[in-house]
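A short worksheet on the structure shown next.
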Amino acid sequence: MKHPAFRVGLISDTHGLLRPEASAALRHSDLIVHAGDIGDASILEQLSAIAPVSAVRGNNDHGKWAEQLPQTRRVAAGDACIFVVHDVNELALDPAAARIDVVVSGHSHRPQSERRGGVLYVNPGSAGPRRFRLPVSVGVLIIEDGRLDVELVSLDVEASRRAPVAS
């Protein structure tokens, strides 16, 4: 029996800035995964107005609100298992052996998607303040009938800055 597609919004490295373009790109998500460096608890509150949020703590997340977040998280999404860690270099398990379908990470600010050993590794990039010349981006993971498809979405944040202000 065909199941409806399950849509997971992927976001990382907001560093206290949730851009309207990021919210718009995630608006049809069934679940949002934040891979750390959130910056402020209000970011999670704003995202949870769109869809349920599953988040991990990044190396720049400090304070009482951040202490409550785990450093890694296993998330069931549709018929897939997602493992979330801020820095993929700190991955302390074999995802294939642990029956994980997708590893979502952040930290590098570089959007990337690749399959290794039957596991999909996704870094949605940084949705917060621009770093160097890297794009501002999020990701969308579609889980449908055992297939995992990911789209990395570059956000056009320059256009919103150039847009004329209505008076």
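The values are calculated or read from the model by the stated rules, or taken from the named source; none is laboratory data. The shown structure was predicted, so the numbers you read here are calculated from the model rather than taken from an experiment. A quick note on method: Cβ atoms are made from the backbone with ideal geometry, for glycine too, and the neighbour counts reach across all protein chains shown.
Okay, here's what the table says:
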| quantity | calculated |
| --- | --- |
| Tabulated pairs, the stretch 86-115, first over 26 Å from E144 (Cβ atoms), second surrounded by fewer than 21 Cβ atoms within 10 Å (Cβ to Cβ) and not hydrophobic (A, V, I, L, M, F, W, C), C-beta under 6 angstrom, 6+ apart or interchain | H107/D87; H109/R131 |
| Total residues in the stretch 1-36, condition closer than 23 Å to W65 by Cβ and part of a loop (DSSP other than H, G, I, E, B) | 11 |
| Selected residue [more than 11 Å from the chain's Cα centre (by Cα) and either at negative phi or hydroxyl-bearing (S, T, Y) (or both)] from A51, A35 | A51 |
| Count of residues meeting criterion [among the charged types (D, E, K, R), closer than 14 Å to L31 by Cβ and not in a loop (DSSP other than H, G, I, E, B)] in the stretch 48-98 | 2 |
| Of all residues making up the stretch 39-50, the number that are in contact with a strand residue (DSSP E or B) (Cβ under 9 Å, 6 or more places away or on another chain) and either at pLDDT below 95 or within 24 Å of V88 (Cβ to Cβ) (or both) | 3 |
| Verdict on H109 being within 22 Å of V157 (Cβ to Cβ) and modelled with pLDDT under 95 | yes |
| Output for the stretch 60-114, where each listed residue is under 27 Å from R133 (Cβ atoms) and surrounded by fewer than 12 Cβ atoms within 10 Å (Cβ to Cβ) | N89, E114 |
| All positions within the stretch 130-148 that are surrounded by 12 or more Cβ atoms within 10 Å (Cβ to Cβ) and modelled with pLDDT of 90 or more | P135, V136, S137, V138, G139, V140, L141, I142, I143, E144, L148 |
| Test: residue in the stretch 149-167 that is among the hydrophobic types (A, V, I, L, M, F, W, C), within 20 Å of D40 (Cα to Cα) and either surrounded by 22 or more Cβ atoms within 10 Å (Cβ to Cβ) or modelled with pLDDT of 95 or more (or both) | no |
| Test: residue in the stretch 137-147 that is under 15 Å from D13 (Cβ atoms) and part of a loop (DSSP other than H, G, I, E, B) | no |
